[in-house]
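The values are calculated or read from the model by the stated rules, or taken from the named source; none is laboratory data. Because the structure is a prediction, the values reported are computed rather than measured. Note that we place each Cβ from the backbone using ideal geometry, even for glycine, and neighbour counts take in every protein chain shown.
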Amino acid sequence: MTDIRFAIIGVGNIAEFHAKAISEVPGTKLVAVHSRTAETGNAFAKEHDCDYESTLEALLARDDVDAVAITTPSGTHTDLGIAAAKAGKHVLCEKPLDVTVEKIDRLVAACDEAKVLLGAIFQSRFGAGAQATKKAIEAGRFGKLTQCSAYVPWFRSKEYYASAGWRGTWKLDGGGALMNQGIHAVDLLLWLAGDVNEVGARIQTRLHDIEVEDNAVAWLQFKNGGLGVIQGSTACYPGETKRVEIKGEKGSVTLEDDRPVLWDFEEADPGDDDVRKLAVAGKIGGGASDPKAISVEGHKRQYEDFAAAIRENRQPAIPGREGRKAVELITSIYQSSKSGQIVKL
């Protein structure tokens, strides 16, 4: 099996998870990294046994780079991704793909034109609990979906926001508790319950000295007719687990950080007991009070899929167009709160 050779752009907290995932996935290799700060870039490269490139141009000019992982502040993703696509590199981008749908559309178009793959990091989809729930939905076990909701009552300290100038800004973070922290739950909800056609919302900056929201509530109407709620916060001390609830006329599931703490259907299935065992054995994890307290397992599974997609010349499990959906919903929530009106997607 030929190695798929990756480079990482950006060496912040999440880049560590990418480097570790690459090191643990057979057939992938980290060959280079770029950071605008030479000291941190060199230290990261030394720790992960790869080269440091001081300029983006030098990184993208390397013949031994097949794909890049973008782990920089959210509002920089499109420009970096377009540069990588023009250099013929496949692009795997941390969430969100960018902070507006207009920028994401530019990135998707550039990757299409360059005939390179674009993948969006949403590792929660790869959890065993999420996968089992998706399978149950596709099998019709819920009947009509009635209430589908996501709750992210997390906490972030003042020091967290002060530790990087881009955090909590509209330009580079694109939003707060929803766009940065809650977006994994939003994406998972949309993947499981389907697209939304209407949303009403209120957001506020309740505790932190930041531009963006640290507290948000929205109600949703799905295209399938069901209703739901999204609650997201970084102002709920000490922080609780992320929860996604899928409820229907014939069954209900509640996932807490991918663990199915409720798995109950009108008609039993031989595999139900195995799924319930995941409630104590889930591996994906969460970041209720510490963004670094997540498992690398989800990133590993996503790298396995993305490398296979390159080899097999197919789309990855979460292509760029899928990554667009959560950003569209979150920006519609912001629009609803600002206007005081229901927003149609």
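Just a yes or no: is a residue in the stretch 75-86 crowded, with 18+ Cβ neighbours inside 10 Å and in a loop (DSSP other than H, G, I, E, B)?
No, every residue in the stretch 75-86 fails to be crowded, with 18+ Cβ neighbours inside 10 Å and in a loop (DSSP other than H, G, I, E, B).
State the number of residues belonging to the stretch 229-265 that are under 22 Å from Gly175 (Cβ atoms) and basic (Lys, Arg).
Number satisfying all stated conditions: 2.
To keep it simple, each residue is scored yes or no on (1) touching an Asp or Glu at 6+ places or on another chain (Cβ under 8 Å); (2) in a helix (DSSP H, G or I).
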| site | (1), (2) |
| --- | --- |
| Pro96 | no, no |
| Val108 | no, yes |
| Ser124 | yes, yes |
| Thr133 | no, yes |
| Val152 | no, no |
| Gly165 | no, no |
| Leu172 | no, no |
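Could you count how many residues in the stretch 1-18 are over 18 Å from Thr37 (Cα atoms) and under 17 Å from the mean Cα position of the chain (by Cα)? It would help to see each step written out before you state the result.
First, the residues of the stretch 1-18 that are over 18 Å from Thr37 (Cα atoms): 1-6, 17-18.
This time we only want the ones that are under 17 Å from the mean Cα position of the chain (by Cα), so: 17-18.
Number satisfying all stated conditions: 2.
Considering only residues of the stretch 261-315 that are in a loop (DSSP other than H, G, I, E, B) and of a type in the set (Ser, Thr, Tyr), which is modelled with the highest pLDDT? Break it down stepwise before answering.
Step one: of the stretch 261-315, the residues in a loop (DSSP other than H, G, I, E, B) are 266-271, 278-284, 286-293, 295-296, 313-315.
Okay, now just the ones that are also of a type in the set (Ser, Thr, Tyr), so 289, 295.
Values: Ser289: 58, Ser295: 83.
Checked the stretch 261-315; the qualifying residue modelled with the highest pLDDT is Ser295.
Could you say whether any residue in the stretch 200-212 is among the β-branched types (Val, Ile, Thr) and in contact (Cβ under 8 Å) with a residue 60 or more places away in the chain? If you could, list the steps in order and put the result at the bottom.
Start the filter on the stretch 200-212 by keeping residues that are among the β-branched types (Val, Ile, Thr), which leaves 203, 205, 210, 212.
Checking the rest, the ones that are also in contact (Cβ under 8 Å) with a residue 60 or more places away in the chain come to 203.
Yes, the stretch 200-212 has at least one match.
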